[in-house]
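Values in this text are rule-based calculations from the coordinates and carry no lab data. Bear in mind that the values here come from a model prediction, so they are computed numbers and not experimental data. For neighbour counting, all protein chains shown are included, and Cβ atoms are generated from backbone atoms with ideal geometry for every residue, glycine included.
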Amino acid sequence: MPPTPDGSVDYPLCTTPDPGGWQEVAPGVLWIRLSLPFQLDHINVWALDGGALGWTLVDCGLGDPRSRAVWEVLLHDALGGRPVERVVVTHFHPDHIGAAAWLVERTGAGFAASLTEWLVARTLSAGNDAATDAVVEQFYRRCGLEEDTLQSLLARKGAYSRGVPAVPATLTRLRAGDRLPVGDRHWTVIGGSGHTAEPVSLYRPAGGGSPDLLISGDQILPRISPNISVWPSEPDADPLADYLASLEGWSVLPADTLVLPSHGRPFHGLHRRAEELALHHGERLAEIETLCAAPRTAAAVTRALFPRPLDPQQMLFAVGEAVAHLNHLIRKGRLERTVGPAGEPASLPPADLYRRPAAIAAA
Ligand SMILES: [Zn+2]
């Protein structure tokens, strides 16, 4: 089968593993596919053969009984019953880190991640206290969501700890620029920010019959735009600025690097895809600026950007993404935020309104 063109990228591999299956994508690098019970129905995880020391696993799926059962088979079949040296996670999201604590305990592996991702996972997995719940509710009320939507989001309380019942208690900290030895080769840790605060990607230059490889996590994906969201814990954050800077950073890697993403298929076209994603966000920003010629709530902007029906999980990502673009425009001086009129009952915080500053609107 010839490579399949798909927008700015192409896919050099002809086959995709079934859920729970695997295939070798380069010497000593296994692509394992795990299923997910979401609309995004799979995650790719990677097993790197470290020879006598055993395997390095990169990401590991949810921490639910189904994932654990699949891993029991994979440890025996795909990994041949050989030891696991370490589990690396690219970032704290449940589909990436969920099974890590179990895998570490089950195999005796070490655990490696960036400090920030590990701390966030530890905090969220422990569950929210009442003060945090109050902050969450206030944030979504200020977004101007209708009451039933708001309640469906608040009802998701505890979703993180269901996907991530435990997080490894000790860490080997990964920092940008670190070299991670696997067998007789090294992978270089690439930093970044945007999708989460301190995700890691892993890069290995060509050699030994292997092309340049990049395990990108969710920082760059072939078909979907990684979610860039503001969350209640840091309501004034500008993760989009970080993400756009990270997209520029990919230009230092060779253009023909084979990218191994967490979702979708391995692809060529790293530089083109980075440009396409930057363009996508640029278009979104322009669209929002136009919308906010008249004052809008974040909820109104969300509905304009994502007009299709959204389940509560998708709604969380959609609102977060809308606020990320709004905050970025505020930082750039293109929008201003004011507090809207008080609602009913008066004890509830009014929704914020976003609008173009008078000087820009008049220009
Ligand atoms: Zn993610």
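For the reader, a short list of remarks on this structure follows.
- For Ser35 and Ala130, a Förster radius of 51 Å and the Cβ-Cβ distance give a FRET efficiency of 0.90, rounded to the nearest 0.05.
- A full extension of the chain between Leu53 and Asp18 corresponds to an added length of 9.8 nm, given 0.36 nm per residue minus the alpha carbon distance.
- Normalised by the number of residues in the chain, the mean separation of alpha-carbon contacts (under 8 Å, six or more apart) gives a relative contact order of 15 percent.
- When Val104, Val200 are sorted by how many other C-beta atoms sit within 10 angstrom of their C-beta, beginning with the fewest, the order is Val104, Val200.
- What the Cα convex hull of segment 200-331 gives, in volume per residue, is 112 Å³.
- As a calculated quantity, the FRET efficiency between Lys157 and Arg66 at R0 = 22 Å, using C-beta atoms, amounts to about 0.45.
- Since only Gly80, Ala131, Gly98 are under comparison, the one whose Cα sits farthest along the positive direction of the charge dipole of segment 1-142, derived from C-beta charges on Lys, Arg, Asp and Glu, is Ala131.
- Each Cα pair under 8 Å and six or more residues apart adds its sequence gap; the mean of these over the residue count of segment 203-360 is a relative contact order of 24 percent.
- Degrees between helix 239-249 axis and first principal axis of the chain (Cα, 0 to 90, nearest 10): 40
- Radius ratio Rg over Rh of the chain, counting only Cα atoms, Kirkwood formula for Rh: 0.99
- Summing Cβ point charges (Lys, Arg +1; Asp, Glu -1) relative to the Cα centre of the chain gives a dipole of roughly 240 debye.
- 0 to 90° range, to nearest 10: angle between helix 65-76 axis and the chain longest Cα axis: 30
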